[in-house]
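What follows is a single structure, written as structure tokens, with notes after it.
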Amino acid sequence: MDIEQHLPILQVIVPLLFAPLIVLLQPRGLAWMATVAVCGLSFAIAVNLAMLVHGGQVLEYNLGGWQPPFGIALRVDALSALLLLIVTGAATVAALGCRESFNQQIEAHRQPLFFAAWLLLLAGLVGMVATADAFNIFVFMEISSLAGYILIAGGPDRRALLAVFKYLIMGTIGATFYLIGVGMVYMMTGTLNLDDMSRLIPGIADKTPIVFAAAFITIGLCLKAAMFPLHVWLPNAYTHAPHGVTVFMAACGTKVAIYVLVRFSFMVFQKGDLHHGLEFSMFLMPLGLLSIVVASAVAMFEGRLKRMLAFSSVAQMGYIFLGVSLLTNAGLTASFTHMFNHALAKGALFLSVACLSMRFWDLRIDQLAGAAKTMPLTCAAFLVGGLSLIGVPGTAGFISKWLLIQALMAEGELGLLMVGIVLISSLMAVVYIWRTIEVLYFKQPLKDPAATVVLAEAPILMLSVTLVTAFANILFGLLPDLPISLAAMAADILAGADQ
Amino acid sequence: MSVADLTGYFNHVVFAILLMLGFYAVIAKGNLIKKLVGLSIFQSAVFLMYISMNKVDGGTAPILQKNVVDQIYSNPLPQVLILTAIVVGVATLSLGLAIVVRIHERYGSIEERELLDAD
């Protein structure tokens, strides 16, 4: 039996099966080790899948041997492979790199439960990406959301409870909207398989329910993806979550929702001869631009480090929405590359925040004065991540911003205006990153920086993972072939489905 | 739209009303438990939509029997789907209630206005 053909299902069930086993691992540290091992295994599977897909294959897997319109199918093409890499990579890096932070924030006896939720979140996210069945996406979406709520509320910060309650309400409304939309499409087509839908939808006589379904699904998924003005759950959830959870969720949580939205829009609705493409871009483009401008502006004036980076995440989602809304091959490629590169940049930034939190109790920016004197390597990692976020040449962030600007240039005068907005928001990013760098590097340390804490570098494991992630930002800035070629293949698949 | 249309779409009208009732409660109520009740009504409305759509006039449960031909069957799939969604709804509700309990432990209140003033 060939293991290769079973990789898609292994990707989903490995974390799902290990989650209940982790609960049993009570001895200290064991649950963490098992989690890192399972995440690492998932990452290895994702790398394998990416290699196969990169070689030109599309992997299909029929569960139980039932043929797709009747059975549930998994499907991994270039776009899903890229997302799988991001999700499993973020889970592995965050689990490996935040051990001391977990020990500091989560009581030892609750850690096995915490890590079980961690694996369930991973399983839900990879399930959403790997499946080709609309209802299955809903189920995995709810698995990942429920696990995510548990993780965010798992820390010692009581404000996380309020943040997670808001997230639960908004997330459930989003998922229910998605469910309504899927129900309407099912009423009209009688199928839940995405490929089957895209085949059947052009032949439907009465398109009104499909239009409503498109509206429900788009709004529901935009809620999940935290698009302005539906982003209000995100900043507080990211700010008050345990630091390791922020690393994981900031790198991949919202991107998976965008993935599902893009899949649905391009594979199903745009095939339906409804002017859906035009509506899609007229809806997403202004809101994407507003996300970019408003969230960047808020980030410039935000005093808390994690909250500032969370608003920056909303702005970066705006870039991804903007690229997708162009509906062109170049725009899609830019967006997908930016998903990968933003995960790298935000991963490095939030990891260095986790490192800083080991030595500074208070993560307001002005409390971190002079941190570079005692934690030079952590601050260097923050600097590299920040440069990548801004899009300085030589870092990963530059590549995707460059692709996005090129894609916008091809749109004529309106495109030039949008290029202007992208450049202005990049300058805003310079402002808010520089503000932090200035405090870290050039301010004198405060007189009494919580005298009980040893002022030294972060623990060696956290520090090395942070530095490796920061280094990856430079590596993929100089050798961007892998993400770009996967993104280009993905764009070809979707734009091909468009025609 | 005539009265006959309204009765024909009775389930869907109820679906829309319930959906908006639940949604209103989620937005307008300040008590966290009431918000969750609203959320539950909101989700239940969607269950009703799914359960209504599979009904075929004169259709019966899809069980094959000897000597019965030309029988019309209702579609069982939406009911199976919504069974899953009900489980998801129960899980969401119980997690939400657990969070409310924790909020009450840490803040001593479950009224939104008091909670916003607390931090």
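Rg and Dmax of segment A:312-499, using alpha carbons, in Å: what are they?
Here Rg and the maximum Cα pair distance are 18.5, 65 Å.
Under a straight-distance cross-link criterion of Cα-Cα below 18 Å, which aspartates and glutamates are reachable from A:K346, leaving out those fewer than 8 residues away in the same chain?
Straight-line reach from A:K346, under 18 Å: A:E302.
Through the Karplus equation 6.51 cos²θ - 1.76 cosθ + 1.60, θ set to phi - 60°, convert the phi angles of segment A:4-15 into ³J(HN,Hα) values in whole Hz; use x for Gly and Pro.
4, 6, 9, 4, x, 6, 4, 3, 7, 7, 4, x
Read phi for every residue in segment A:413-425 and hand back ³J(HN,Hα) as whole Hz from Karplus 6.51 cos²θ - 1.76 cosθ + 1.60, θ = phi - 60°, with x for Gly and Pro.
Rounded to whole hertz, the list is 5, 4, x, 4, 4, 5, 4, x, 5, 4, 5, 4, 5.
Using Cα-only point scatterers and the Debye equation, what is log10 of I(q)/I(0) for chain A at each q in 0.11 Å⁻¹, rounded to two decimals?
One equal scatterer on each Cα of chain A leads to -0.86.
Which angle between 0 and 90 degrees, to the nearest 10, do you get for helix A:329-357 versus the longest principal axis of chain A when only C-alpha atoms count?
Rounded to the nearest ten degrees, it is 30.
Which aspartates and glutamates have a Cα lying under 17 Å from the Cα of A:K443, excluding residues fewer than 8 positions away in the same chain?
A:D362, A:D366
Within the set of other residues whose C-beta is less than 14 Å from the C-beta of A:A456, count the net charge using Lys and Arg as +1 and Asp and Glu as -1.
The answer is 0.
So what's the back-of-envelope 222 nm ellipticity for chain A, counting only DSSP H runs of four-plus at -39500 (n - 2.57) apiece and dividing by all residues, rounded to 500?
Mean residue ellipticity, 222 nm, calculated: -25500 deg cm²/dmol.
Using amide H atoms built in the peptide plane, which far-off residues or other-chain residues are under 5 Å from B:Y73 H to H?
Counting only residues 5 or more places away or on other chains, the set is B:T60.
I'd like the distance between the alpha-carbon centres of segment A:18-72 and segment B:3-63, rounded to an integer number of Å.
Value for the Cα centre distance between the two parts: 37 Å.
As a quick test, which of the pairs A:K166/A:K271; A:K207/B:K55; A:K224/B:K34; A:K401/B:K29 have an alpha carbon distance above 32 angstrom in this structure?
A:K166/A:K271; A:K401/B:K29
For chain B, what does the alpha-carbon gyration tensor say about shape, rounded, prolate or oblate, given a ≥ b ≥ c as the root eigenvalues, a/c under 1.5 as rounded, and a/b over b/c as prolate?
oblate
What are the ³J(HN,Hα) values, in whole Hz, obtained from phi via the Karplus relation 6.51 cos²θ - 1.76 cosθ + 1.60 with θ = phi - 60°, for each residue of segment A:381-393 in sequence order, with x given for Gly and Pro?
4, 4, 4, 5, x, x, 4, 5, 5, 5, x, 7, x
Values quoted throughout were computed directly from the atomic coordinates according to the rules given, and no laboratory measurement underlies them. Since the structure is predicted, the reported quantities are computational estimates derived from the model, not experimental observations. Cβ coordinates were reconstructed from backbone atoms using ideal geometry, including for glycine residues, and neighbour counts include every protein chain displayed.
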